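The next block holds one structure in the form of C-alpha cells; read it before the comments.
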Amino acid sequence: MRWSGQLGQRRSRGPWRLLVLSLTVLLGLVLPGARDAHALPHMSLLAGAPCATCHVNEQGAGMRTNIGFGSMSHVGALQWEDVGLPWLSDRVSNEVVDYLVSVGMDARIQTARIGRPLPVVDEAGELTFEQPPRETFLMQLQPYLAVTPHDVLTLYGTWNAGRETFREGDPCDTPYPGQQCFEAMAIVHPGHRMPGVRLGMLQPSVGIRHDDHTMKIRQEAYNTVVRRPFPVIPANYAEWGAEAFWQPRFDVRAELGVFHARGLSEGVGDPSVVDPDDVALAIRLQWMPQFELGSTRWTSWLGGSVYGGGDFRMDNAFAGLGWMDRGALILEAAHMHFGSGTDRRARNLSAQLTVQTWEWLLLQGRAEQAWSRDLGDRYNTLAFVGGVQFFPLPFIEIRPEYRWEETDVYRTGQYTVQMHFFY
C-alpha cells in the first residue's frame, strides 16, 4: 500500500514555497542578533576561506591543518581551564613532529532509529508503520595521518572503522556499496597559486562534500531493491585515480580528475550502466567572490560539477551566501542520469541554513526534496532536519537533531543525538 501519488505531486511544490519563506523569516529574525564567532572548519562560507585552508585534503573534510586546528582550539562554552584541565589547552598545533608529521581524529557516537519503518496492519485493518528500534552505536572512528617530507609533497591517509568493526571484528566495514574504509593519497602542490595534483585512493570532487551521510543530494528517492532512499554515491566514497586542482586566484578554483569506476559501479548497482572496469571523469568549477555591503562582509559560492563513468552521469550545481562569522545559506541541486538504455533517473534539491549565535552554538535547518524514476514508477521523498551544534568544550561537539521524512511508502520522524570528538 502506497501514499497517494497525487498527494506527493501536490506537495512537491508547496514545501519549497514554505522553505523560501521560512529561510527569509529566519534570516531576518535571527541573524541580526548573532555575535562574532570563529568559523567552523567545514563551513568556509562563515570564514571566507577555501576548504583547503583548514583541511589537509584540498577538497575539504578529514584532517585539519594547523589553521584548522587552531581555529577550533578555543571554541567552547567552557575552556579546559574552567574544568580543571589547563594542560589540555597547551596544544597549539596537531603536529607531533614539527613541520613533518601531523595527526588527527574524528569519533562520533550516535543514537538513532536505523532502517525504514515496517508496515503493520492492526486488528481493525488499519495500516500503520512500526518504527525500528533505537540504537546507540559508534558511528565513526577515523584517525588521520599526514607526513610532509617536502614543502611540495604531503602524504595523507585515513581509515574509518565501521559499526561492525568492533562487533564482528571486520577491519573494513562498509555499510553502503561504493564506500571505502580508507583514503590514501599523495598531494603535490608546488605553490599557493600553482596547479597541484592528488593521486591515490580519493573521493572525486562532486558538488559539495558534506559531513552528513544522510543527505539526499547523492541518493535516489527510492531504491527498488532496499525499498527506501539509498545513496548512489555514499559517504566515504573513494576511487583509485588522480585529480588536478588549480586556484589561480583566491576566488576561482578548478578540478579535473580521472578515476577507476569500481566503487561507482557498486553504488549504481547495475554493471550494464557502469562496469567495474570503466573509467570515470570528474570536473568541478567554483567562483567564490567576497564583497561588502555597508559595514557587512559577505562571502559566496557559485559552482558546478559533472561526474560520470559508463552510461552514468551526475550533474551538480551549488550556490552559497555567507554573512561573515554570522550565518550561511547553501543551496545544491543534482541530476543523475543512468543512460539511455534505462528508465532510471534522479533529481535532488537541498537547502541548508546555518546561524552562529555564539562561537560555540550554531543553529541549523535543512530541507531536501528527492525525485527518482525506475522501472516505470516515480518516487518522491521530502525531508526536513533541524538541530543544534553545541561545543561545550574545545574539540567536543554535541549535535541534537529532529529528522522528519516522507516517502511514497511511509512517513517518519525521530530525534537523534550525536556526540562528536575531534582533533
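Values quoted throughout were computed directly from the atomic coordinates according to the rules given, and no laboratory measurement underlies them. These figures come from a predicted structure and were not determined experimentally. Backbone-built Cβ (ideal geometry, glycine too); neighbour counts: all protein chains shown.
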Contour minus Cα-Cα span, Arg91 to Gln79, at 0.36 nm per residue, comes to 3.0 nm
Given all pairs of distinct Cα atoms, the stretch 61-105 yields a Kirkwood Rh in Å of 11.5
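Loop only per DSSP, at most 12 neighbouring Cβ atoms within 10 Å: give me the GluC sites (Glu not before Pro) in the stretch 47-123, ordered by residue number. It would help to have the intermediate numbers written out before the result.
Working: sites: Glu58, Glu81, Glu95, Glu123; in loops: Glu58, Glu123.
Sites meeting the loop and neighbour criteria: Glu123.
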So, with points 7 Å from each Cα along the Cβ direction, the Met419-Val252 label distance in nm works out to 4.9
At q = 0.09, 0.13, 0.19 1/Å the base-10 log of I(q)/I(0) from the Debye formula over the alpha-carbon atoms of the stretch 103-252 is -0.42, -0.77, -1.30
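Which order do the peptides 292-305, 271-284 take when ranked by the mean count of other beta-carbon atoms within 10 Å per residue, highest first?
On the way: 292-305: 14.5, 271-284: 17.5.
In descending order of packing, they fall as 271-284, 292-305.
Net charge near Met215, counting Lys/Arg +1 and Asp/Glu -1 over other residues with Cβ under 10 Å of its Cβ? Walk me through the intermediate numbers first.
Numbers: positive: Lys216, Arg218, Arg366; negative: Asp211, Asp212, Glu332, Glu368.
Computed value for this residue: -1.
Using mean Cβ contacts within 10 Å as the protection proxy, how do 385-392, 188-195 order, highest first? It would help to have the intermediate numbers written out before the result.
On the way: 385-392: 17.4, 188-195: 12.6.
Going from most to least packed, we get 385-392, 188-195.
Would you order Met201, Met288 from fewest to most other beta-carbon atoms within 10 Å of each residue's own beta-carbon? Walk me through the intermediate numbers first.
Working: Met201 18, Met288 21.
Ordered from fewest to most neighbouring Cβ atoms within 10 Å, Met201, Met288 come out as Met201, Met288.
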Taking Cα pairs closer than 8 Å and at least 6 residues apart, the relative contact order of the stretch 298-423 in percent is 14
According to the Cβ-distance criterion of 4.7 Å, cysteines of the chain with no possible disulfide partner are Cys51, Cys54
The simple spin-label model distance between Leu199 and Leu361, using points 7 Å out along Cα→Cβ, in nm, is 5.0
Using eta = 0.890 mPa s and T = 25 °C, Stokes-Einstein with Kirkwood Rh from Cα pairs puts D for the stretch 215-371, in µm² s⁻¹, at 142
Over the chain, the sum of -39500 (n - 2.57) across DSSP H runs of at least four, divided by residue number and rounded to 500 deg cm²/dmol, gives at 222 nm -3500 deg cm²/dmol
Treating every alpha carbon of the stretch 74-148 as one equal point scatterer without solvent, the Debye formula yields log10 I(q)/I(0) values at q = 0.11, 0.17, 0.19 Å⁻¹ of -0.59, -0.90, -0.98
For the pair Arg378 and Asp212, the simple spin-label estimate (label points 7 Å beyond Cα toward Cβ) gives in nm 2.7
Expressed as a whole-number percentage, the relative contact order of the chain with C-alpha contacts under 8 angstrom and at least six residues apart is 16
Bounding extents of the chain in its principal axis frame from Cα atoms, largest first in Å, are 67, 51, 50
Here the relative contact order (percent) of the stretch 97-198, from C-alpha pairs under 8 Å and at least 6 apart, is 22
